[in-house]
1. Compute the Cα gyration tensor for the range 66-114, then decide on rounded, prolate or oblate, letting a ≥ b ≥ c be the square roots of its eigenvalues: rounded whenever a/c is under 1.5, prolate when a/b is larger than b/c in the other cases, and oblate in all that remain.
2. Using a basic spin-label model with each label point 7 Å from the Cα along Cα→Cβ, how many nm lie between K50 and N31?
3. Quick check: at a probe of 1.4 Å, how many percent of the accessible area of the range 97-137 sits on carbon and sulfur atoms?
Amino acid sequence: MHRSLDMAGYATERMKELASDRTGIQVLLSNIYASAGKWTDVAKVRLQLKEKGARKVPGSSSIEVNGQIHEFTSGDESHPEMMHIAAMLDEMHCRVEAAGHAPDLSNVLLNVDEEEKEYVLSRHSEKLAIAFGLISTDQGAHRSGLLRIFESVLTAIHLPNGVKNV
């Protein structure tokens, strides 16, 4: 990505002319503005999306444990095992931090402080699924790498590097 806001704005306007019913173009523009810290522009684009009736479907990650599928969305704390999942997330965070990994907060496209960005990353759907898998399987299974996480969207860029340190 060139990270040229002028080019992104021009390209978005041209694409909207060609496919005005497609909201993905505006979502992309919103993300470009957010990555540049242009929160007023982000708000304008999101308002336009809201006026069109567009809704963001949250991404999710699923894991099968003992023949049952468990689905997680980022920040969801409704799972019955959430207390144990949260404890495992804390342990995962400590291990990853001890291995020298620091999260890439530039991928959190929210207008919040650094601490809140770290919290958002710590509750990513993939991390929730991994933590649940770790507390739900016997020691031999997760140590040999048999957890299979299925995602409905692309994984945030920082996850693969941190996950291999868990």
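The values are calculated or read from the model by the stated rules, or taken from the named source; none is laboratory data. Predicted model only: the values in this text are computed from it and were never measured. Reconstructed Cβ throughout: ideal geometry from the backbone, glycine too, with neighbour counts over all protein chains shown. Calculation scope for accessible area: heavy atoms of the full protein, side chains included, ligands and nucleic acids excluded. Shrake-Rupley method; radii C 1.70, N 1.55, O 1.52, S 1.80 Å.
1. Working: a/c = 2.30, a/b = 1.42, b/c = 1.62.
Because a/c hits 1.5 or more and a/b fails to exceed b/c, the range 66-114 counts as oblate.
2. 2.1 nm
3. Details: 980 of 2070 Å².
The value for the range 97-137 is 48 percent carbon and sulfur by accessible area.
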